[in-house]
Amino acid sequence: MTTKMIFICSCGAMFDIDDSTGMEAHIDIHTDHSVKESVAHTSATPTTLAEFQDSLVVQIKTKRDDDRLENVIVAEYPALSGNYFSCSTKSQDNWSKFASLDTRGLVTYPFSVTTNDERGTYTVADSADLSAIMGTVSAAVFTERGLAQTYIDAVLASVDETSANAAADPYLNLN
């Protein structure tokens, strides 16, 4: 049986045991992840370029969804108002539920919503206003997803592990 020691992150990213620098950089970015040492069959660790690329794609998607959309990306509505709303998956889900209730006539307007930092509120005036705020949140989410996709595309177009890492690093190092 051929085995080797690896680091496994809670998001599924794997690092060779001698790649403590890469693993530490990963958990510095993803402070809510946990890493453990493990023994794995060599077939379970990335050995081909495609497997290495897949591991980087997982890291980019995790950075996008669990870090950037969760903690960094916000949508300002109305423009220049200083009212910032979360773009997290949970927030997107809540806006969708709100819209669903609105289509059924179950929302009484005006309706007050809190800002991302819970320090402010915005009063949604009517269905058109709700649509506009949802469009603003969606635009911020689509922009971030598009940005992440450019890095994923670059990783998948890479010809070796070094160029794949170089393609992923700028996004993985974003705050």
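The values are calculated or read from the model by the stated rules, or taken from the named source; none is laboratory data. Just so we're clear, the structure is a prediction, and the values are computed from it rather than from any experiment. Cβ atoms come from the backbone with ideal geometry, glycine included; neighbour counts cover every protein chain shown.
Structure values in brief
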| quantity | calculated |
| --- | --- |
| First in the range 125-139 and among the basic types (Lys, Arg), second anywhere and not in a helix (DSSP H, G or I), Cβ under 6 Å, 6 or more apart | none |
| Answer residue from the range 1-43, given it is modelled with pLDDT under 75 and over 21 Å from Ala168 (Cβ atoms) and is surrounded by the fewest Cβ atoms within 10 Å (Cβ to Cβ) among those | Met1 |
| Thr121 vs. criteria closer than 14 Å to Glu76 by Cα, touching a residue at least 60 places away in the same chain (Cβ under 8 Å) and among the polar types (S, T, N, Q) | no |
| Pair list, Cβ under 9 Å, 6 or more apart: the range 52-65 residue closer than 14 Å to Arg145 by Cα, other residue modelled with pLDDT under 90 and assigned to a helix (DSSP H, G or I) | Gln59/His26; Gln59/Ile29; Lys63/Ile29 |
| Some residue of the range 7-21 being more than 30 Å from Thr115 (Cβ to Cβ), part of a helix (DSSP H, G or I), in contact (Cβ under 8 Å) with a residue 24 or more places away in the chain and out of contact with any helix residue (DSSP H, G or I) (no Cβ under 7 Å at 6 or more places or on another chain) | no |
| Conditions (1) part of a loop (DSSP other than H, G, I, E, B); (2) hydroxyl-bearing (Ser, Thr, Tyr); (3) farther than 21 Å from Glu118 by Cβ; number of the one not met by Ser38 | (1) |
| Out of Asp93, Asp129, sole residue that is surrounded by 16 or more Cβ atoms within 10 Å (Cβ to Cβ) and assigned to a helix (DSSP H, G or I) | Asp129 |
| Residue list for the range 145-170, restricted to those being in a helix (DSSP H, G or I) and either in contact with a Cys (Cβ under 7 Å, 6 or more places away or on another chain) or of a type in the set (A, V, I, L, M, F, W, C) (or both) | Leu147, Ala148, Ile152, Ala154, Val155, Leu156, Ala157, Ala164, Ala166, Ala167, Ala168 |
| Criterion: under 12 Å from the mean Cα position of the chain (by Cα) and β-branched (Val, Ile, Thr) - qualifying residue of Val35, Val72, Val39 | Val72 |
